[in-house]
Amino acid sequence: MSALNNKDFITREENTEAYGTVVSCESVASSCKDKAEPNDEPIVVNGPSSLLVPVLLCSMISFGGFIFGWDIGTIGGIVNMPSFQLNFGLSVDGPSSDTWIIGLVVSIFNIGSAIGGLTLAKLGDLFGRKAGLFTALGFYNIGLFIQLINDHNWYQFFIGRIFTGLAVGSIAVLVPMFISESAPLKIRGSMVCMYQLMITLGILLGNVVNYGCKDMSIVQFQNKSWQTPLSLGFAWAWIIAIGLIFIPESSQFLLRIKNDVNAAKVSFAKMNGLQINDEMTDRYIYTQQNITDSFKTEEKNEIAIESATDDSKNDTSKNRNLFEFISGEPKLGLRLFVGIMAMIFQQLSGINYYFYYGTSIFKSVGLDDPYITSILLSSVNFFATFGGIYFVEAIGRKSCLLVGSLGMFCCMMIYSSVGGFVANTPTTGAVLIIFTCVYICFFATTLGPVTYVLVSELFPLRTRAISMAVCTSFNWIFGFLISLFTPVIISKIGFLFGYVFAGCLLASAVFVWFLVPETKNKTEQEIDEMYT
């Protein structure tokens, strides 16, 4: 075999785009020494044709976000349906205790999601991303079944929403992580944004189904008006489960956690539109093994040093692994703080203030059919998210978050001022809807999808699952607080509540400017170097 020249191999940039890892030509030559002699033609990886399969597979994974959006899009309308309120003896216009109960029924979903992200999502590290998602879908079906058993007790519906929350919380961790580990680097951000796109699609279709079911309150239909949207959740869960059958397990999980080289090669090749015997596949396996070996060697050396002054060697190793996502290097604690705050600010933007209670909000300004308004807003949200898929790669993660925070701040200030201080007229209602649509456009192209992209890219594989789970749990907890207290606060101060979210959006812009790094097209190693 003749000597190998640097020109026979892809450049650093081409290699990075292909699979997210930078390797030298010398190391590649060493790893490929048993392969046939390469020719002088350039290696083309992930061209327009080869990206078709990765995009389709990532889209199937991202459909997990649909059931989250379905809940957002249906629950606000369900609790406002007369048949639902009659069945459970509740009323949004009734005593304050009813208002609190409705707020609790809606918001407990978020607490279940926070717990699910911290517990069920851990199954993704133990048994694989797919196994974790299948388990989550099982919990989701159980939750739907409990909610649909009609015995007129609101707390039964409440318990069912805890189960569906457990499922969606784990999905919110596993789906972005699965996509981030599987998608080709040059479209990684756009593919993670597909998760948010599916959430918005779920919201839109949920609103449409609510509109079609809201008048099914005559005697012969009984409770079908609110049971029909819930029942459709079974269909979405089955679609996701069937799709997962055709998707390969994460190559990074297979190689760096399960050490299954052959399965990792098959997965990487399929998710990148390559043949299993493609030279790029071998390079990927070689580099990922080097990363794993390097980390294990470093960890053993550090444990040995610590154990030299500590007789309890096993306890030292266990504590390191347990708290590494907080105290590990390089600066994993700071990265965790950035991820947590990004997720908190996504909730404090006020987006679920609209989507959970939009029906009630617009009813208060005399709009004839608030369900139509909800469909309008969710349509804007869905179609604008396509812009997010473009902008996340075009201008980067940090710029998206900064522009979005400032744009939404301006919209929220106008919305709150008009709603709070201008008389309720058709013109007022039109202004509120216009600026709400502009606000949603900003969210859908920036904070909505890009926050998940940022958090999925911030952490190394060894702590990614627990770090993302902690970050998303804060998102759910703040979502719980917002959905719990919003109906009570709205009843007291109305549209002035928007000023609170406006202040949070301004704080978000400051946070992004000073603390959020740009992770666009950065490999795991390059992000580590940013924090070194």
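Candidates are the residues of region 420-440 that are surrounded by fewer than 16 Cβ atoms within 10 Å (Cβ to Cβ), in a helix (DSSP H, G or I) and small (Gly, Ala, Ser); the one that is modelled with the highest pLDDT is 420. Residues in region 94-146 that are hydroxyl-bearing (Ser, Thr, Tyr) and under 26 Å from residue 325 (Cβ atoms): 3 in all. Please specify each residue of region 104-157 satisfying the condition of being without any contact (Cβ under 8 Å) to a residue 24 or more places away in the chain and hydroxyl-bearing (Ser, Thr, Tyr). Hit for region 104-157 is 155, nothing else.
Any idea which of 461, 515, 506, 496 is closer than 24 Å to residue 77 by Cα, surrounded by fewer than 23 Cβ atoms within 10 Å (Cβ to Cβ) and touching a residue at least 40 places away in the same chain (Cβ under 8 Å)? Reasoning before the result, please.
Working: 461 fails: closer than 24 Å to residue 77 by Cα; 515 fails: closer than 24 Å to residue 77 by Cα; 506 fails: closer than 24 Å to residue 77 by Cα.
Only one candidate passes the filter, namely 496.
If the condition is being modelled with pLDDT under 90, among the charged types (D, E, K, R) and not in a helix (DSSP H, G or I), then region 215-254 contributes only 215.
Residues in region 153-207 that are modelled with pLDDT under 90 and either outside any helix (DSSP H, G or I) or within 14 Å of residue 137 (Cα to Cα) (or both): 153, 183, 184.
Counting only helices (runs of 4 or more DSSP H) wholly contained in region 293-389, the ones carrying 3 or more residues that are modelled with pLDDT of 70 or more and either in contact with a Leu (Cβ under 7 Å, 6 or more places away or on another chain) or farther than 30 Å from residue 413 by Cα (or both) occupy 313-327, 332-348. Looking only at residues in region 475-532 that are part of a loop (DSSP other than H, G, I, E, B) and among the β-branched types (Val, Ile, Thr), the one that is modelled with the highest pLDDT is 516.
The single condition from (1) modelled with pLDDT of 85 or more; (2) buried (at least 16 other Cβ atoms within 10 Å of the Cβ) that residue 56 fails is (2).
Considering each residue of region 394-405 in turn, at least one proves to be touching a residue at least 12 places away in the same chain (Cβ under 8 Å), of a type in the set (Gly, Ala, Ser) and touching a helix residue (DSSP H, G or I) at 6+ places or on another chain (Cβ under 7 Å).
Could you tell me how many of the residues in region 264-280 are surrounded by fewer than 16 Cβ atoms within 10 Å (Cβ to Cβ) and at pLDDT 85 or above?
Total meeting the criteria: 0.
Would you check which residues across region 442-458 are over 10 Å from the mean Cα position of the chain (by Cα) and farther than 17 Å from residue 509 by Cβ and list them? The answer is 444, 457, 458. In summary, residue 258 fulfils each of the numbered conditions (1) over 24 Å from residue 175 (Cβ atoms); (2) of a type outside the set (Gly, Ala, Ser); (3) not in a helix (DSSP H, G or I) with the single exception of condition (1). Check residue 212 against each of (1) surrounded by fewer than 18 Cβ atoms within 10 Å (Cβ to Cβ); (2) in a helix (DSSP H, G or I); (3) in contact (Cβ under 8 Å) with a residue 12 or more places away in the chain; (4) of a type outside the set (Lys, Arg) and name the one condition it does not meet. (3) is the only condition that residue 212 fails. For region 236-263, taking the residues that are more than 28 Å from residue 202 (Cα to Cα) and among the aliphatic types (A, V, I, L, M), the one that is surrounded by the fewest Cβ atoms within 10 Å (Cβ to Cβ) is identified as 261.
The values are calculated or read from the model by the stated rules, or taken from the named source; none is laboratory data. What you see is a predicted model; the values in this text were computed from it and never measured. Reconstructed Cβ throughout: ideal geometry from the backbone, glycine too, with neighbour counts over all protein chains shown.
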